[in-house]
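> One structure follows; several queries about it will come next.
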Amino acid sequence: MEFLITTAPGLESLVKRECEKIGHDPIEVTDRSVRIEGGLDTLAELNVWLRCANRVYLVLAEGFATDFDDLFALAESVDWKKFRPKDSPIQVESVTHKSSLTSEPAIQRTVKKAIVDALTRKPGDLLPEVDEVPTFRILVLIREDKATFLLDSSGDPLHKRGYRQEAGEAPLKETLAAAMIYLSNWRYKELLADPACGSGTIPIEAAMIARNIAPGLRRHFAFENWDWVDPKFLTDVREAGKRKIFAPGNYQIHGYDIDAEIIEKAIYNSKVAGVATDIAFEVRDMTDSPTIPAIEAAMNRKEGATLVCNPPYGERLETEDIGFIHTMIARMFSDHPTLSGGVITNESEFIQKTHRVGLERRKLFNGSIECQYCYRKSQRKGK
Ligand SMILES: C[S@@+](CC[C@H](N)C(=O)[O-])C[C@H]1O[C@@H](n2cnc3c(N)ncnc32)[C@H](O)[C@@H]1O
């Protein structure tokens, strides 16, 4: 079997590395996707363990389709009766790029018709419901006339770990928070602080990474509804995952925010995630002092420290402090060449300033907002 993992733009190399870490070498890495070969155990592992990916799909069919007849024939080659859970509503989505077939609605209609035809071939077969709760999601990707039929095994996107019951106005996707931490090369025993942590996504993801808690340990996946998949594959991966969790350690993970209500929410979320004892949350206004005392103290002790932050910025949150906060963080990276970590932002002055002091840049999207992740990797060795 072949699986196609979708990623946000800019995260392909991280997802590739994650796949390798859980023991599966990708056979292809392209724009926003990573491909893996494997069995149903692999499918369960990818869903449970990938921290930075969007969704895991099963490749059902692939071939060239320059017109709708080709597309229909390709759709007919799939054994839809085998794959579709009984009575589940069907949803077809599509993305086409540099191809002869350009109309996404027409692609979807064609593929839906082929599926419905296949499922109602015998007299007495009931017409499947289409477009209700999408428990059977098909994605048709067409790139340069090559069509790939994909079946969504994840269901809810993988950033929905299940722990974020409460969020503020502009929460960061959990997958993006994990990616920012990985890019900073954070050493788990070193201090990590997010001075504007909102609902706690960055500190919670950091604690889950440090304790090796699989992100999908407790959530539901679409492939649990597939009657041709033995539930044992997922149970085994979940049980093994529970055994791999490290006990709470002496981590120095800090989350601060000016808003007392959001800090309450962050604490609640960290409890749901099972990492409440690993994180110190505190109400704190960054404009109260020209630096972050915990980071300053770690730097003075000549220990490493990592600052990872998704600060407030204009398009999503209005605050007078935006400029001050960005200037303060830029100054900290400039004053402390061993400070690692990074900031996701679209504030051009900050991006230029931190680039001048040697921070790397990577284009990442926070929701639909194009940002830069300005970061410096920790040079320290070990965990
Ligand atoms: C973009 S949100 C962070 C969202 C967070 N990453 C999450 O996933 O929920 C920015 C946060 O900065 C906080 N903030 C704004 N001004 C601040 C200040 N002066 N000091 C500390 N935090 C501040 C806001 O309360 C908000 O929670």
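> Can you tell me how much longer the chain between A61 and T327 gets when fully stretched, taken as 0.36 nm per residue apart minus their C-alpha distance, in nm with one decimal?
Working it through step by step, the gained length comes to 90.6 nm.
> Output ³J(HN,Hα) for the range 7-15: one whole-Hz value per residue in order, computed from phi by the Karplus curve 6.51 cos²θ - 1.76 cosθ + 1.60 with θ = phi - 60°, and x for Gly and Pro.
Taking θ as phi minus 60°, the curve returns 9, 6, x, x, 10, 4, 5, 5, 5 Hz for the range 7-15.
> Could I ask something else about it? Provide the percentage of antiparallel DSSP beta bridges, counting only those with both residues in the chain; round to the nearest 5.
The antiparallel fraction comes to roughly 60 percent.
> Something else about it: Cα axis of helix 260-273 to longest principal axis of the chain: angle in degrees, 0 to 90, nearest 10?
50 degrees
> A follow-up question, please. Dividing the alpha-carbon Rg of the chain by 2.2 N^0.38 Å yields what?
Ratio of Rg to 2.2 N^0.38 Å for the chain: 1.08.
> So for the chain, averaging the separation of alpha carbon pairs under 8 Å that are six or more residues apart and normalising by length, what relative contact order in percent results?
Reported as a whole number, the value is 16 percent.
> Could you tell me the center-to-center distance, by alpha carbons, between the range 253-280 and the range 11-55 in angstrom?
30 Å
> For the chain, find the longest principal axis of its Cα atoms and tell me its angle to the long axis of helix 322-335, 0 to 90°, nearest 10.
Approximately 70 degrees, to the nearest 10.
> I'd like the Kirkwood hydrodynamic radius of the range 254-381, using the inverse of the mean 1/r over distinct C-alpha pairs, in Å.
Computed over the range 254-381, the radius equals 15.6 Å.
> Where the centre of each part is set by its Cα atoms, how far does the range 181-240 sit from the range 68-127, in angstrom?
For the range 181-240 versus the range 68-127, the Cα centre distance is 34 Å.
> From the P(r) of the range 229-312, can you give the percent of Cα pairs sitting at distances over 15 Å?
71 percent
> Skip the ligands, DNA and RNA, and give the accessible area per residue of the range 2-152 with a 1.4 Å probe, whole Å².
Here the residues of the range 2-152 average 45 Å² of exposed surface.
> When the accessible area of the chain is computed with all protein chains present and a 1.4 Å probe, what percentage of it is carbon and sulfur?
For the chain, the apolar C and S fraction of the accessible surface comes to 49 percent.
> At a temperature of 25 °C and a viscosity of 0.890 mPa s, determine how fast the range 2-152 diffuses translationally according to Stokes-Einstein, using the Kirkwood radius over alpha-carbon pairs as Rh; express D in µm²/s, rounded to the nearest whole number.
The estimated diffusion coefficient comes to 152 µm²/s.
The values are calculated or read from the model by the stated rules, or taken from the named source; none is laboratory data. Worth saying up front: this structure is predicted, and the values here are computed from it rather than measured. Surface accessibility is based on the protein's heavy atoms, side chains included, excluding ligands, DNA and RNA. Shrake-Rupley method; radii C 1.70, N 1.55, O 1.52, S 1.80 Å.
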